[in-house]
Amino acid sequence: MSINYIPNFTTIRRNPKKIKYIIFHYTGMRSENKAINRLLNVKSKVSCHYFIKKNGQVIFMIPAFFEAWHAGKSKWKKDKSLNKYSIGIEIANKGHEFGYEKFSKKQILSLIKLSKYLINKYKINKKNILGHSDIAFERKKDPGEKFPWKFLASKGVGIWHSINNTKLKKLRKFKLTNSEKLKGIKFLEKIGYSPNKEKDKNCLKLIKSFQRRFRQELIDGSMDKECLIIAKKLSKTYN
């Protein structure tokens, strides 16, 4: 691990007991160097606690007892502005805008090692390992559908469902009634998402965010039978 302190953070020390989330991001920039330089630029007003390069090297950027500026306007369950309660990890990846790519094996191995260390140190519940799109689905897509959430969960980092994948695929694109769709949205709310029920467009983004996390093979924004079953199962796990 290398150290490269960045200037963008809240200088008031926070109580370590307030740290309850780990938030994963991709950088979403054309190059790794551009992403690092942006974090080093005081005018950017963005930051993270850790940065993981494509070769797996971890850069330590801000001590966890300071609040980094990585989550922005965000919400999960009853918590708002998650910068206050979280550790932000940026992972080098061009993102959807510049040619979204698979995360490297070295990146993921480093991420697992770092996450386990943070989970143990700050007693973070696995339910509180989240992606930026989970907490800010109206404006964010990262870390995206190529992020290996299922594999991470198998290593003790985050949550995944235990439903048989073959059974699930048979339910894909199976249309729901309006009442079933509403049930699906309620399940998402129980998981921790914050739907804006008055805006259909945001429900579309919400479902896409859920799919990028838990049904990565098809991101269409439609609450079908497969998504409903997954959401129902997870709503019990997250409660």
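Restricted to helices (runs of 4 or more DSSP H) entirely inside the stretch 167-239, those with at least 1 residues that are among the β-branched types (Val, Ile, Thr) and touching a residue at least 40 places away in the same chain (Cβ under 8 Å) are 178-191, 225-238. Selection of the stretch 154-166 for residues being touching a residue at least 12 places away in the same chain (Cβ under 8 Å) and either aromatic (Phe, Trp, Tyr) or more than 16 Å from Ala231 (Cα to Cα) (or both) yields Lys155, Gly156, Val157, Trp160. Here the condition is being more than 15 Å from Gly88 (Cα to Cα), in the same structural domain as Glu217 (by TED's automatic domain parsing) and of a type in the set (A, V, I, L, M); of Leu109, Leu176, it holds for Leu176 alone. Name every residue in the stretch 104-128 that is in contact with a helix residue (DSSP H, G or I) (Cβ under 9 Å, 6 or more places away or on another chain), within 20 Å of Ser2 (Cα to Cα) and hydrophobic (A, V, I, L, M, F, W, C), in order of residue number. Passing the criteria: Ile108, Leu111, Ile112. Can you pull out every residue in the stretch 14-28 that is out of contact with any Asp or Glu (no Cβ under 9 Å at 6 or more places or on another chain) and not in a helix (DSSP H, G or I)? Asn15, Ile19, Ile22, listed by residue number. Looking at the stretch 144-153, can you tell me whether even one residue there is closer than 25 Å to Phe98 by Cβ and in contact with a His (Cβ under 7 Å, 6 or more places away or on another chain)? Checked against the condition, which is being closer than 25 Å to Phe98 by Cβ and in contact with a His (Cβ under 7 Å, 6 or more places away or on another chain), the stretch 144-153 yields at least one hit.
Looking only at residues in the stretch 85-119 that are closer than 13 Å to Gly28 by Cβ and charged (D, E, K, R), the one that is surrounded by the fewest Cβ atoms within 10 Å (Cβ to Cβ) is Glu97.
The values are calculated or read from the model by the stated rules, or taken from the named source; none is laboratory data. Only a predicted model underlies this, so the values are computations on that prediction, with no experimental measurement involved. Glycine gets a Cβ as well: all are built from the backbone with ideal geometry, and neighbour counts include every protein chain shown.
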